[in-house]
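S.K.: Sharing a structure below in C-alpha cells format, with a few things to ask.
Only the coordinates and a few stated rules stand behind these numbers; no lab work does. Just so it is clear, the structure is predicted and the values come from calculations on it, not from any experiment. Using ideal geometry, Cβ is built from the backbone for each residue, glycine included, and neighbour counts are taken over all protein chains shown.
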Amino acid sequence: MDATVVSVGHRPELEAFHTRKLVLEYHPDGARLAHDESLEQWGFHRTARFLSRLFGRERDAAG
C-alpha cells in the first residue's frame, strides 16, 4: 500500500523536513497548484540553517 502525507505549514523552517514544496494560489473556483519545487538538493543547508535558528532561539530564551 502506498501513502502520501501532506504537511501544511507556513514557516520556512519546516522546509528542512520535506523533500517537496507545493505552492497553492487562491482562485474563485478553488485553489490551484502554482509551483511544485524540489527541496532535496539543499537538504543539508536547510537543515543546518533550521538547527542554527532553533538553537539560537533556545539560547536567547535561556538568557
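S.K.: Arranged by the count of other C-beta atoms within 10 angstrom, fewest first, what order do Glu37, Glu15 take?
M.R.: Ascending Cβ contact count within 10 Å gives the list Glu37, Glu15.
S.K.: Next question, about the same structure. Sum up the charges of everything whose Cβ sits under 9 Å from the Cβ of Lys21, counting Lys and Arg as +1 and Asp and Glu as -1, but leave Lys21 out. Each step should come with its number before you reach the end.
M.R.: On the way: positive: Arg20; negative: Glu15, Asp36, Glu37.
Overall, the nearby charge balance is -2.
S.K.: Just rank Phe55, Phe50, Phe17, fewest to most, by other beta-carbon atoms within 10 angstrom.
M.R.: The order, fewest Cβ neighbours first, is Phe55, Phe17, Phe50.
S.K.: Given points 7 Å out from each Cα along the Cα-Cβ axis, report the Glu13 to His35 separation in nanometres with one decimal.
M.R.: It works out to 2.1 nm between the two label points.
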